Amino acid sequence: MPKMLTKYSALLVITLIAGCATNKPDQGGVAELVAKAHLPVKSLTAEQQAKYSAALTLLKSGDLSGAELSFKELSLLLPDASGVFANLGVIAEAQNDEPSAIEYYNKSLSLNPSNVVALNNLGAIHTRAGHFKEASKLYLTAFKNKPDNTSVLLNLAVLNELYLHDLNSAVKYYELYQARLASPDEIIAARISDLGRRAD
């Protein structure tokens, strides 16, 4: 494998594994996704909203124990709230409890099959396990529901390049990812150029 490709591939694998199914809840944009996507599926009372916001604050600050306790309490108050269980999945991953994370993400998706956080993070878990087709299905569903999500786009690009060996699709998702960045990423630009030559 060419030296440049090895360097970039290694970096992108790290991004895939560390950025989307994270060891820290604020790594790789997960905290941002928590704030934007983890919304309950029914209207909240003012008291419930206050508890939910407080739990999110604990999660984003890195207080995993406090956040876990708060979201478990919320899961009893809001048993049909997909976002509560997605947040518990994020916490479980941060605590290196992957089986519980999978259970929580699946519960979240049973309540709301369009929950992008659960789809994206579960996709990353399946990628690490070598279940590439299942990961692709999850990422594509997330992409369909939130096509401007950079974390989803990068995961799709890396998955197609390194594991599915679909270079044309990899270029497509890298280009979509690059277009949504505030400023161009030189490494991504190099990947697009290299893959474009190899795909021709």
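Of all residues being aromatic (Phe, Trp, Tyr) and closer than 21 Å to Ile125 by Cβ in segment 152-181, which is surrounded by the fewest Cβ atoms within 10 Å (Cβ to Cβ)? Just the residue, please. Only one residue tops the list, namely Tyr163.
Within segment 59-80, being of a type in the set (Asp, Glu) and buried (at least 17 other Cβ atoms within 10 Å of the Cβ) holds for one residue alone: Glu68. Glu93 satisfies every condition listed in (1) at pLDDT below 95; (2) among the acidic types (Asp, Glu); (3) under 18 Å from Lys51 (Cα atoms); (4) part of a helix (DSSP H, G or I) except (3).
No other residue among Asp166, Asp185 is out of contact with any helix residue (DSSP H, G or I) (no Cβ under 6 Å at 6 or more places or on another chain) and among the acidic types (Asp, Glu) apart from Asp185. If you go through segment 182-200 and keep only what is exposed (fewer than 12 other Cβ atoms within 10 Å of the Cβ) and under 25 Å from Val116 (Cα atoms), you end up with Ala182, Ser183, Pro184.
Taking helices (runs of 4 or more DSSP H) that do not extend beyond segment 104-200, which have at least 3 residues that are over 19 Å from the mean Cα position of the chain (by Cα) and in contact (Cβ under 8 Å) with a residue 60 or more places away in the chain?
Output list reads 186-199.
Here Ile102 meets the list (1) crowded, with 21+ Cβ neighbours inside 10 Å; (2) of a type in the set (A, V, I, L, M); (3) closer than 30 Å to Tyr173 by Cα almost entirely, failing just condition (1). Please count how many residues of segment 30-55 are crowded, with 19+ Cβ neighbours inside 10 Å and modelled with pLDDT of 70 or more. Number satisfying all stated conditions: 2.
The values are calculated or read from the model by the stated rules, or taken from the named source; none is laboratory data. No experiment lies behind these values; they were computed from the predicted model shown. Glycine also receives a Cβ, built like all others from the backbone with ideal geometry; neighbour counts cover every protein chain displayed.
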